[in-house]
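*Asks:* Input: one structure, supplied below.
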Amino acid sequence: MLVQMLTLANAVVAATTGEGFWFPEQASTVAGSVDFVYDLILWICTIAFVGIMLAMLILVVRFRKSKVLVPQPSPTHNDILEISWTVIPSIVLVVLFYVGAVKYIDMRESPADTYDIYVTGRKWSWSFEYPNGYTDAALHVPKDRNVRLMMQSEDVLHSMFIPSFRTKMDVVPGRYTSLWFNATQTGTFDIFCAEYCGQNHSMMRAQVVVHEQAEFDKWLAEASDYIAKLPPEEAGKKVFETSGCKQCHSVDGSKGIGPTFKDLFGSTVTLSDGSKIVAEENFIRESIYEPKAKVVAGYNPVMPTYEGKMNAEQMRVLFAYMKSLSAQGGAAP
Amino acid sequence: MSNNHHNENDHGGHPSFLAHHFSSPQQQYDAGKLGIWLFLVTEVLFFSGLFCAYAVYRFNHPEIFRYAHFFLDTTMGAINTVVLILSSLTIAWAVRAVQLNQRRLAVGMLVVTLLCAAAFMVIKYIEYTHKFHMGLTWGESFAPSAEALREVLGEAHGEVLEKPANLHLFFSIYFCMTGLHGIHVLAGIGVIIWMIVRTARGDFSSEYFGPVEYTALYWHIVDLVWIFLFPLLYLID
Amino acid sequence: MSSHDNETPGATHAHIAPISTLMGTFIALLVLTVVTVVVRSIDLGSMNIMIAMMIATIKAGLVAAYFMHLAYDGGFIRVAFFASIIFMGLFLGFALLDTSEYQDTIQWHETLKAKVPTEGSAADHGK
Amino acid sequence: MSTTNYLTCSKGWKSWFLTLDHKRIGVMYLTAVLSSFALGGLFALAVRLELFQPGQQFMDPTTYNRMFTLHGAVMVFLFIIPSIPAAFGNFVLPIMLGAQDVAFPRLNLASFYLWMAGAVFFLVSLLGGGIETGWTFYTPYSTTTADSSVVSALMGVFVLGFSSIFTGMNFIVTIHQMRPKGMTWFKMPLFLWAIYGTALIQVLATPVLGITGLLLIVERVAHIGVFDPALGGDPVLFQHFFWFYSHPAVYIMILPAMGIVSELIAAGSRKEIFGYRFIAFSSIAIAILGFLVWGHHMFTSGQSVAASVVFSALTFTVAIPSAIKVFNWLSTMYKGAIVLNTPMCYGLSFISLFGIGGLTGLFLGTLSVDIHLHDTYFIVAHFHYVMMGSTAVAFMGGLHYWWPKMFGKMYNEALARVCCLFVFIGFNLTFLPQFVLGTRGMPRRYFDYPERFQFLHQLSTIGAVMLFITFFVMFSYLLHSLVRGKPAPMNPWGANTNEWKCSSPPPFNNFDVPPPMENPYDHTNLVFDEKLGGYRAKQVINS
């Protein structure tokens, strides 16, 4: 009964304020119930708040005095009143705790049959490793399937936040945290980092793309095969975009956290100890595996190592991509 | 009203040790005593952070603590425990002596307390230098020398026990706990010296002995913390 | 509190500990210290730490009660002191409860970290 | 009536900087916390202006991160926590009791200088480049960031913690031991009950902040690894350490504000406060329950499910005593003789803003909803409603209420009421849109944001500018009143607590003879006197 009334009331509000005045669209199985509890609390609070405000205004208007300041005699305490405004809110609060906790346990403890994707957060990018080992910068998931994200961080705290799925979980270095959802709509939705992680915290965004199962399988098969299928420069571009290079190295010559890749390959760079070195395969390979060994002058040694995270094939196409960006490397873009 | 002197205690006047805003020595004494106890409460909670860190790591990684305790010298710890208990007795006795106007006895007891405190710090110093020498320091700088490991663990233990990961965490906690406790002992030494001077000068009497008692209370809490540190750090296993 | 309501001006009333109490407490503390060192050599498994903590608590209780006069000073001082212990217990209790609950996610991470991650290693991820 | 008062009884800088008088220390605190408020406000304005549009306006991301960190740290540690207890508590607590001073005047001065030392440490870290860890100092970011100013900021936090502890200790002892004959527990004004509850939290919680700060400094300097996962430590353990203090600290901020509001509503309604004992005990209940709920800051942080469920259940219990207070304030107004003077306006403003702040807490205590709202602008809006909408508004109310007593001058009432209204409007304009932003998924601490959030951010920024201008006007007329203000009567609001029974400003000694200890909320014996411009007892008692 109450539920029906609430649903009706919510529909009226939605119709008058426009769809989604409060929330982004609902795209997971839990979104509906989270929004429902939110609306429930919203109504309780609205009624309570309007009640308090009305009482206050009426009292002010009714008992306001401009000059003669003699209060009328009135009781100074009333135990029945005190007990009732202690007990009634308590009952409401117990209900709220219960509905919140039940859903929370459900949201935290993943069902048995999940499709697992391994997520790595780092300053300031996400990468998603699918069961076949393919890693992508975007999260692709099949619709109507329980998906579990197993998340770890390489440096500091991050937090995986998908507003349309109404879910969020911190990514804590030194351990795995997990999060599960079941997407109910195809489309593209935002992923934000919700735990402050430094300079580019607000740029640490990604996208979740929800496909139908068949489409998802097709996408994964094609995407996993990119090095063989694409020309080396394009495959290298993909490595550049999915491995986390993009967040610190620009390709248009602008200065980022690290040196730009434009015209880098084949050029001579000055290191922080003053020596000069030509940026060719060996130097760049060392910079990727042991970033702190030789640091280009003017930059901080902040790059994480990619030892074990980037194989020779990926590096080969990355070099091809870097060459394509460099005047010295041959083909200018 | 322009007269700032307050005149509640006209009869008998104000004793020299009574601050102007108190109406009687009893009120001053009670206020001071409640104040020092509240300070001790904050001390307990201050140390609770370290006890919390200890409990969390000991409970979740007992292997670190089992392995690491071989590096601590139980005899030294036990001697220090006895030394602190003795100092607690003498300072409690000093309070009694002041309350009974036994000035010389009070000074004597305070001096013994001071000597105990100094002895504690000397033993601590010996322990610390030994640890530094063996490379048993905190966190990142933890690098025990091979001989140190063999010397301490001996043949038997060295072979049986596998060195656990993150062994340095024990020493981080050990140095934080004993270090913070040591700082409290040092502060106590300072206050006790001041109390010796004031007692010898004759500031205190059966009428006015608050500061000595407050010092004693502080000193007891230092002892109390050590009573827990001793089994937690030295008597593992 | 407000014991100053009925005082005679000039005098300060406080409990004076008899020498017998002081010496008795001291000897009890020494005995308990010896006991705690001796008990340690008997292997009782996880009971060892419980016993050691119990002895330490008794010792602390003796110091507080007799050296610190808590047995004679009633009222708010006692409340405050026990409050500090209770809040400390609260802090330790919750931190311990929570950290031990999620320990498995740390251990799992440690085991996986030990392996060198390679292409396709995700296949053998899993609990 | 005497001509010398605590302001004029002695002269020279030494008579201020070495004073042991609780009133002068209170005034020094007031100056200090208001300066911090202005500084923190400037940082806030910078943050809001930067967020007027997506992308970079006039500062880079790192500068922005420093701005919001400093805004948070300065506002929390230098302004809100000491604001009401240290400034007003110091000034009125002994007078309200009828005592001559706090129990430990020297400790009181020492805690003021500890505050100054803390402020200096903050300034050092500001000049050293600022900090960008967020005021929460979460590890491992705070232990690995290149910013070396973190250590001096943490030293500041440590020292400020002890300042707060000493203030709390002093107040507890004063209330226990310094009450004159006749001043029983239940004749204490409700502000003192609130201050007492606050002091309990200060003494019991702040030491944990001290050790947390110390451990973090050691972690940064010596890399001990207790909180650093790279060395086997546990970053979530740090959050337990941090919130064990910082959640109770929220009640250090709000409890004294509630105490002030009890005074404002009682005086403004000219009626005996309704449910005195319920309000008094609810303060103590909040102080104790406030310790049981810290884990609700960690529902998505990797805290275990079991702990989250327990903490959520405990969190809801705190709502009850807060609700009790609101209902009792409203009942106090019933059949009162309500005067809409400036303090009362702030009191009413508090009730509405605290209503929103408190009720939105229900969304966050409810576990499943909190997952979505955590670390979004919804949180930002919620805690600003509590900290600024409630505490800072109550602080302003207290400032206008006790200003005549503190400085013996009246400010421009009409202008003050207009400012109160504009604070209310500006505040709501700033923070109401943020609830919507948060629910729509805008994370906090973001330098840049998707364009769809822009309109709401712009509303918020306009509100912030409005607030800034209003506060500027407020400080101007307050300062103006010091020079040109009408002399204040002894009792301008018709309240019956003891501070209104001595002259404005009070004499050095507060009272030569403690005032008669009556019911502090019995206003029936006070009548308005046109000649005085204030209230006086019905029968003039010549002394």
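*Asks:* If only one of D:Ala280, D:Ala313, D:Ala306 is within 12 Å of chain A (Cβ to nearest Cβ) and out of contact with any Leu (no Cβ under 8 Å at 6 or more places or on another chain), which one is it?
*Replies:* Residue meeting the stated conditions: D:Ala313.
*Asks:* How many of the residues making up the stretch B:73-93 are among the small types (Gly, Ala, Ser) and at the interface with another protein chain (Cβ under 7 Å from one of its Cβ atoms)?
*Replies:* Step one: filter the stretch B:73-93 for residues among the small types (Gly, Ala, Ser), giving B:77-78, B:87-88, B:92.
Of the ones still in play, those that are also at the interface with another protein chain (Cβ under 7 Å from one of its Cβ atoms) are B:78, B:88, B:92.
The qualifying residues number 3.
*Asks:* Please verify whether A:Ile277 is of a type outside the set (Ser, Thr, Tyr), part of a helix (DSSP H, G or I), open to solvent by less than 60 Å² (accessible area, probe 1.4 Å) and more than 30 Å from A:Ala183 (Cβ to Cβ), treating the condition exactly as stated.
*Replies:* no
*Asks:* Taking the residues in the stretch C:92-105 that are among the small types (Gly, Ala, Ser) and facing another protein chain (nearest Cβ under 7 Å) as candidates, determine which candidate is surrounded by the most Cβ atoms within 10 Å (Cβ to Cβ).
*Replies:* Initial filter on the stretch C:92-105 (among the small types (Gly, Ala, Ser)): C:93, C:95, C:100.
Next cut, facing another protein chain (nearest Cβ under 7 Å) only: C:95, C:100.
Details: C:Ala95: 25, C:Ser100: 14.
Checking each candidate, the answer is C:Ala95.
*Asks:* Can A:Pro131 be described as of a type outside the set (Asp, Glu), facing chain D (nearest Cβ under 8 Å) and assigned to a loop (DSSP other than H, G, I, E, B)?
*Replies:* Numbers: of a type outside the set (Asp, Glu): yes; facing chain D (nearest Cβ under 8 Å): no; assigned to a loop (DSSP other than H, G, I, E, B): yes.
So A:Pro131 does not fit the description; no.
*Asks:* So which helices (runs of 4 or more DSSP H) stay within the stretch D:338-402 end to end and still have 3 or more residues that are closer than 28 Å to D:Ser301 by Cα, over 16 Å from the mean Cα position of the chain (by Cα) and facing chain A (nearest Cβ under 10 Å)?
*Replies:* Values: elements: D:342-365, D:367-373, D:377-384.
Result: D:342-365, D:367-373.
*Asks:* Every residue in the stretch A:179-198 that is open to solvent by 60 Å² or more (accessible area, probe 1.4 Å) and either charged (D, E, K, R) or in contact (Cβ under 8 Å) with a residue 60 or more places away in the chain (or both), please.
*Replies:* Once the filter is applied, which keeps residues that are open to solvent by 60 Å² or more (accessible area, probe 1.4 Å) and either charged (D, E, K, R) or in contact (Cβ under 8 Å) with a residue 60 or more places away in the chain (or both), the stretch A:179-198 yields only A:Gln185.
*Asks:* Within the stretch C:66-91, take every residue that is within 19 Å of B:Ala92 (Cα to Cα), touching a residue at least 24 places away in the same chain (Cβ under 8 Å) and surrounded by fewer than 20 Cβ atoms within 10 Å (Cβ to Cβ) and give me the one that is nearest to the other protein chains (Cβ to nearest Cβ).
*Replies:* C:Asp73
*Asks:* Another question about this same structure. Is it true that some residue in the stretch C:21-34 is farther than 30 Å from D:Tyr196 by Cα and at pLDDT below 90?
*Replies:* Our first condition is that a residue be farther than 30 Å from D:Tyr196 by Cα; within the stretch C:21-34, this holds for C:21-34.
Right, trim to at pLDDT below 90 and you get none.
No, the stretch C:21-34 contains no residue that is farther than 30 Å from D:Tyr196 by Cα and at pLDDT below 90.
*Asks:* Output the residue which, of all residues in the stretch A:15-42 that are more than 11 Å from chain D (Cβ to nearest Cβ) and surrounded by fewer than 15 Cβ atoms within 10 Å (Cβ to Cβ), is modelled with the highest pLDDT.
*Replies:* Restricting to residues being more than 11 Å from chain D (Cβ to nearest Cβ) and surrounded by fewer than 15 Cβ atoms within 10 Å (Cβ to Cβ), the top hit is A:Gly32.
*Asks:* Only one of (1) open to solvent by less than 10 Å² (accessible area, probe 1.4 Å); (2) of a type outside the set (Phe, Trp, Tyr); (3) out of contact with any helix residue (DSSP H, G or I) (no Cβ under 7 Å at 6 or more places or on another chain) is not met by D:Val310, so which one is it?
*Replies:* (1)
*Asks:* Could you list all residues from the stretch B:1-58 that are part of a helix (DSSP H, G or I) and either among the aliphatic types (A, V, I, L, M) or at pLDDT below 80 (or both)?
*Replies:* B:Ala31, B:Leu34, B:Ile36, B:Leu38, B:Leu40, B:Val41, B:Val44, B:Leu45, B:Leu50, B:Ala53, B:Ala55, B:Val56
*Asks:* Okay, next question. Whether any residue in the stretch A:97-108 is closer than 22 Å to C:Thr105 by Cα, touching a strand residue (DSSP E or B) at 6+ places or on another chain (Cβ under 8 Å), buried (at least 18 other Cβ atoms within 10 Å of the Cβ) and free of Cβ contacts under 8 Å to residues at least 40 places away in the same chain is what I want to check.
*Replies:* No: the stretch A:97-108 contains no residue that is closer than 22 Å to C:Thr105 by Cα, touching a strand residue (DSSP E or B) at 6+ places or on another chain (Cβ under 8 Å), buried (at least 18 other Cβ atoms within 10 Å of the Cβ) and free of Cβ contacts under 8 Å to residues at least 40 places away in the same chain.
*Asks:* Could we say that D:Phe186 is of a type in the set (Phe, Trp, Tyr), outside any loop (DSSP other than H, G, I, E, B) and open to solvent by 10 Å² or more (accessible area, probe 1.4 Å) here?
*Replies:* Considered against the rule, which asks whether it is of a type in the set (Phe, Trp, Tyr), outside any loop (DSSP other than H, G, I, E, B) and open to solvent by 10 Å² or more (accessible area, probe 1.4 Å), D:Phe186 comes out as yes.
*Asks:* Looking for whichever is more than 19 Å from A:Lys323 (Cα to Cα) and crowded, with 19+ Cβ neighbours inside 10 Å here; the options are A:Phe216, A:Phe240. Which one fits?
*Replies:* Unique residue meeting the criteria: A:Phe216.
*Asks:* While we're looking at this one, here's another question. Would you call D:Phe327 of a type outside the set (S, T, N, Q), farther than 20 Å from D:Gly197 by Cβ and either modelled with pLDDT under 95 or open to solvent by less than 10 Å² (accessible area, probe 1.4 Å) (or both)?
*Replies:* Considered against the rule, which asks whether it is of a type outside the set (S, T, N, Q), farther than 20 Å from D:Gly197 by Cβ and either modelled with pLDDT under 95 or open to solvent by less than 10 Å² (accessible area, probe 1.4 Å) (or both), D:Phe327 comes out as no.
*Asks:* Right, here's the next one. Of all residues in the stretch D:1-34, how many are within 14 Å of D:Ile84 (Cα to Cα) and open to solvent by 10 Å² or more (accessible area, probe 1.4 Å)?
*Replies:* Matching residues across the stretch D:1-34 total 5.
*Asks:* Further, regarding this structure: Tell me the residue from A:Lys218, A:Lys229, A:Lys143, A:Lys168 that is at pLDDT below 90 and basic (Lys, Arg), please.
*Replies:* A:Lys229
*Asks:* A further question follows. Restricting to helices (runs of 4 or more DSSP H) lying wholly in the stretch D:41-143: which have 1 or more residues that are open to solvent by 30 Å² or more (accessible area, probe 1.4 Å) and at pLDDT 90 or above? If you could, list the steps in order and put the result at the bottom.
*Replies:* Details: elements: D:61-73, D:90-97, D:105-127.
So the answer is D:61-73, D:105-127.
*Asks:* Whether any residue in the stretch D:229-245 is touching a Lys or Arg at 6+ places or on another chain (Cβ under 7 Å), crowded, with 24+ Cβ neighbours inside 10 Å and more than 14 Å from chain A (Cβ to nearest Cβ) is what I want to check.
*Replies:* No, the stretch D:229-245 contains no residue that is touching a Lys or Arg at 6+ places or on another chain (Cβ under 7 Å), crowded, with 24+ Cβ neighbours inside 10 Å and more than 14 Å from chain A (Cβ to nearest Cβ).
The values are calculated or read from the model by the stated rules, or taken from the named source; none is laboratory data. What you see is a predicted model; the values in this text were computed from it and never measured. Don't worry about glycine lacking a Cβ; one is built from the backbone with ideal geometry, like all the others, and counts go over all protein chains shown. Remember, those area values only see protein heavy atoms, side chains included, never the ligands or the DNA or RNA. Shrake-Rupley method; radii C 1.70, N 1.55, O 1.52, S 1.80 Å.
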